[in-house]
Every structure is written in structure tokens, then in C-alpha cells.
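Throughout, read-outs are computed from the coordinates displayed, never taken from laboratory work. Just so you know, these numbers come straight off a predicted model, no measurement behind them. All Cβ positions, glycine included, derive from the backbone under ideal geometry; neighbour counts span all protein chains shown.
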Amino acid sequence: MAKITCDVVKDLLPLYVDDVLSGDSRALVEEHLKTCDECADLCKNLKGDDNFALTKNENDKAAIKKIKKKIQTKRIVTALVSALCIAVIAFGTYYGLHIKESYIPFDESGLRVNGDSLQTDRDFYASYGRYTPDGKTCFIYMTTTAYKTMWGEDRLTTIEDLSDEGRGIKIDSDDDGITDSVLVNSEIYYVSEEYAKQMSHGKLDFRTDEDIEMIKQNSVLVWSAE
């Protein structure tokens, strides 16, 4: 095979690296590179520069894409966390102001008897009551919320109807549940906070007369028919 000079090979190397030489010309260059270290090094450098540039470009694109993805993910996570925090704060605020109930002590309840009504001028959230099994005694308490305490408007409100008709409660006197009897409530007590908690959880114990008397002793008699 004919030999070519280094100058000719150096002119052909860019075409060789780009793989655009004909078969014969490519064979001549490769034959020369086997015996010429200088041209072989130049060829390696040319290939190395191109590969480096290509690899660098691809790596840059991949890195930028990865960074963008991380930023986008971080923004989404931040937005979700922020939204969750806002929701938690909003619910906590609403719950603290409007839902969470606080026991109102009797001396702050404003309760008083007015004719046939037990009334209060205290703005409250709710009133709760429970009768003893014989229907003669009713235990009550009142609650408020932060919103009611801060922004409520005091107005006269009836808590219990003390008329004969209003104090009547119906219970089943027969096992078959057909016959109803009317028992008239004769006294109302305002319970302590401890008993109010038991009432709210359905745990106020009326099993014996002693239990009822114990509750009475630790409560305030609000009204009695006697």
C-alpha cells in the first residue's frame, strides 16, 4: 500500500475523525497512524476534544434538567406544606374560637329564676341537662367558647321552663313501652366542672340514691318546687 506524508494525514485527520473519508483514504490514514506516533497523538486529541465537547454538552443538559426537576419538586412540596400549615392553622383557630367548649362556673352563669322560667343574661354556647331516673332532679351546666366570650352579645335566654307542663317528662312505665307516665321535675342543680365532664362523656353515675345525693352535695341548688 502506498505511503502518505504526515502533512497529508494531518489534512485528512478532521475528515477521518468525522468518518467522512472514502474506504481507500481511510485505510491510508489508519496505516500511517500505526507507524507515526505524532499523527496518532493528534488523532487521539481530535477525537478526545470532540468526545469531551459532546459529553460535556450532554452532561450539562442532564444536570440542568435534574436541577430544574429538583426545583420544581421543591416548589411543589413547599406549596403543599404551606397549604397544609395554613389549613391546620385555620382549623386550629376555628376550633379554638367556635368549637372548643369551656365550662362556665355557676357564679358566672347569670342564672336566675324569673316567674316560670330559669333564665340567664349570659351569652353562652350551650346548656346541658340530665334527669335522674325518677325524673325529679335535673342536673345542668353551661358552656361557652372563646368567640362567645370575646364577641358574644348578652341577652336574656330561657334555660328551663319551670311551669307544670314544662317540667313534665314522659317515660315508659310498662315493659311493653305502651303506657306513658308523666313525672314532674321538682329541683334543678348546677353541677361542678368535674361532674360536667362526666356528663359530657355519659359517665355520671345514677345507680344508687347515694350516688345522686353525693352529686347534689357537690352541686348548687338553682331551683326547687318546694
Mind listing the long-range amide H neighbours of residue 222? Cut-off is under 5 Å, sequence gap 5 or more, other chains count too, H placed in the peptide plane at 1.01 Å from N. 188, 189, 190
Per-peptide average of other Cβ atoms within 10 Å, ordering 197-210, 105-118 highest first: 105-118, 197-210
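By how many nm would the segment from residue 19 to residue 100 grow when fully extended, if each residue of separation counts as 0.36 nm and the alpha-carbon distance is taken off?
21.1 nm
So what's the net charge close to residue 81: Lys and Arg +1, Asp and Glu -1, counting the other residues with Cβ under 12 Å from its Cβ?
+2
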How long is the gain from residue 83 to residue 45 if the chain were fully straight, where each residue apart is worth 0.36 nm and the alpha carbon distance is subtracted? 8.1 nm
State the extension gain, in nm to one decimal, for the chain segment bounded by residue 161 and residue 91, taking 0.36 nm per residue of separation less the distance between their alpha-carbons. 21.5 nm
Where labels lie 7 Å past Cα in the beta-carbon direction, separation of residue 226 and residue 72 in nm: 8.1
The answer for residue 159, listing residues at least 5 apart or on another chain whose modeled amide H is closer than 5 Å to its amide H, is 118, 119, 120
